[in-house]
Amino acid sequence: MKGGVKVRKIFITSFLILLSVALISGSAYAISGVCSNCHTMHNSQNGLGEVQTYSGGIITTGVITPQPNLLKADCIACHAGSTGQKNGDAPIVVHTTAPTGQGAGKTLAGGDFYWVATGLGATDSSGHNVSGLAAADGSITPANTPPGWDAGATTGFTFGAVGSVWASNQLSCAGIYGCHGRHDSTGITGAHHGNTGGSATQAGTVGTPPSTIGSSFRFLAGISGKEETNWNWSETSSTHNEYFGANDTTLRGSAGNVYGNKDTISFSCAECHGKFHSYIDDTAQGTPWLRHPTDIALKNAGEYLSYTVYSTEAPVARPTVLSGSNGTVTPGTDIVMCLSCHRAHGSPEPDLLRWTYSGMVAGGGGSDTGCFTCHTSKN
């Protein structure tokens, strides 16, 4: 019996490694393997379960109350790691060792929570301030209400609207106040078992949004797109995620937001940041472009004609969900989106930007990166 207890303790201590074995390589297929790697029936042996907590760049393991859905641990248990692109076969979204930057070979497509989670010189704008991750060392006071919050932005959304009471609720990975899964108590329940992303298939087609969380792009409810097998770790101009966008002018010139396309990647952002998607090209307010446009085609004229090779630093979305990566850009067709400028999880730059904004000097004749990827004549 003593030997059995020792084995169980070793098993619990080694949970991260064992859990990873259950995942199939890349993001292409649903989880398979031994159920007990991830789930427990009673959660009563040798404690109450295991959870990973992140503080100051250090992951610690502690015993807590049972997890939902009979899980043995929370999201961080799989999706955190020291270096590289994955923990076992799970993509790492929060590193415990400081990435040397963002982009290929440094972070995945969404960037990394490292900069907002550690608080080491970071601010609340360094990443999405997720409960249990961000400000864990106490150096950052999280702002619960998302910037640009618009409670009406998701009216009519198939999966249900995000709750509007943010005062006592911090952003979470999934659930009512989360980005992934349905915006209710079910969150991403069952999604890992029904994952059809990666190289297996596209997430949705134009006019037919994904009907399940497992078939949605990166488990973002109802969002279409094409997932790159290695989550953009080795991204190039010809190997990368393909994002879905639309040249959507539906009431974009007003304060209200009634979206004609609810399966674009920019709509996923608008669910929490709806006001950033209003009054964009409202000429009635005077000069247009009161906000930088999203879900609008890159102009087929002037300086924009020079953006023809896909940039992983300033990517575009497509009006059709492509079946594979495309290394070219077509002005007049391809779409400016939120992720053209921002990372989804976090970056070493303020406001989750993909480049150093203060380094964009008009007329400076310097690098043709960042803003100048699209605005090619302004450098």
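Descriptive notes on the structure:
Listed here are the residues, each with its yes/no results for (1) surrounded by 13 or more Cβ atoms within 10 Å (Cβ to Cβ); (2) of a type in the set (S, T, N, Q); (3) closer than 30 Å to Val94 by Cβ.
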position: Asn300; (1), (2), (3): no, yes, no
position: Ser311; (1), (2), (3): yes, yes, yes
position: Asp351; (1), (2), (3): yes, no, yes
position: Gly359; (1), (2), (3): yes, no, yes
position: Gly363; (1), (2), (3): no, no, no
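- Considering only residues in segment 207-227 that are at positive phi and not in a loop (DSSP other than H, G, I, E, B), the one that is farthest from the chain's Cα centre (by Cα) turns out to be Gly225.
- Ala362 vs. criteria under 19 Å from Ile265 (Cβ atoms), among the aliphatic types (A, V, I, L, M) and in a loop (DSSP other than H, G, I, E, B): no
- Among the residues of segment 81-96, those identified as of a type in the set (Val, Ile, Thr), modelled with pLDDT of 90 or more and assigned to a loop (DSSP other than H, G, I, E, B) are Thr83, Ile92, Val93.
- Residue within segment 325-332 that is in contact with a His (Cβ under 7 Å, 6 or more places away or on another chain), in a loop (DSSP other than H, G, I, E, B), polar (S, T, N, Q) and within 24 Å of Ser268 (Cβ to Cβ) present: yes
- Pairs are defined by a Cβ separation below 7 Å, a sequence spacing of at least 6 or placement on different chains, a first member in segment 85-114 that is touching a residue at least 12 places away in the same chain (Cβ under 8 Å), and a second member that is of a type in the set (D, E, K, R) and outside any loop (DSSP other than H, G, I, E, B); the pairs so defined are Ile92/Lys86.
- Flag not set for Ala134, criterion: at pLDDT 85 or above, buried (at least 22 other Cβ atoms within 10 Å of the Cβ) and within 20 Å of the chain's Cα centre (by Cα).
- Filtered residue count, segment 63-80, keeping only those that are at pLDDT 80 or above, part of a helix (DSSP H, G or I) and either buried (at least 18 other Cβ atoms within 10 Å of the Cβ) or in contact with a Gly (Cβ under 7 Å, 6 or more places away or on another chain) (or both): 3
- Boolean, Thr60 is more than 26 Å from Ala314 (Cβ to Cβ), surrounded by fewer than 20 Cβ atoms within 10 Å (Cβ to Cβ), modelled with pLDDT of 90 or more and out of contact with any Gly (no Cβ under 7 Å at 6 or more places or on another chain): no
- Flag for Asp368 being under 18 Å from the mean Cα position of the chain (by Cα) and either of a type outside the set (Lys, Arg) or part of a helix (DSSP H, G or I) (or both): no
- The numbered conditions (1) at pLDDT 80 or above; (2) hydroxyl-bearing (Ser, Thr, Tyr); (3) touching a Ser or Thr at 6+ places or on another chain (Cβ under 6 Å) are all true for Thr53 except (1).
- Any hit, segment 142-158, residues being modelled with pLDDT under 70, under 19 Å from Gly127 (Cβ atoms), part of a loop (DSSP other than H, G, I, E, B) and out of contact with any helix residue (DSSP H, G or I) (no Cβ under 8 Å at 6 or more places or on another chain): no
- Within segment 215-264, the set of residues being acidic (Asp, Glu) and at pLDDT 85 or above comprises Glu227, Glu228, Glu235, Glu242, Asp263.
- The residues listed here are Val321, Val316, Val329, Val336; of these, the one that is in contact with a Lys or Arg (Cβ under 8 Å, 6 or more places away or on another chain) and among the β-branched types (Val, Ile, Thr) is Val321.
- Flag for Val329 being in contact (Cβ under 8 Å) with a residue 12 or more places away in the chain, of a type outside the set (Gly, Ala, Ser) and crowded, with 21+ Cβ neighbours inside 10 Å: yes
- Residues in segment 194-214 that are within 20 Å of Asn247 (Cβ to Cβ), among the small types (Gly, Ala, Ser) and at pLDDT below 65: 1 in all.
- Single unsatisfied condition, Ser311 versus (1) assigned to a loop (DSSP other than H, G, I, E, B); (2) closer than 23 Å to Cys179 by Cα; (3) modelled with pLDDT of 95 or more: (2)
The values are calculated or read from the model by the stated rules, or taken from the named source; none is laboratory data. As the structure is a prediction and not an experimental result, all values here were calculated from the model. Cβ atoms come from the backbone with ideal geometry, glycine included; neighbour counts cover every protein chain shown.
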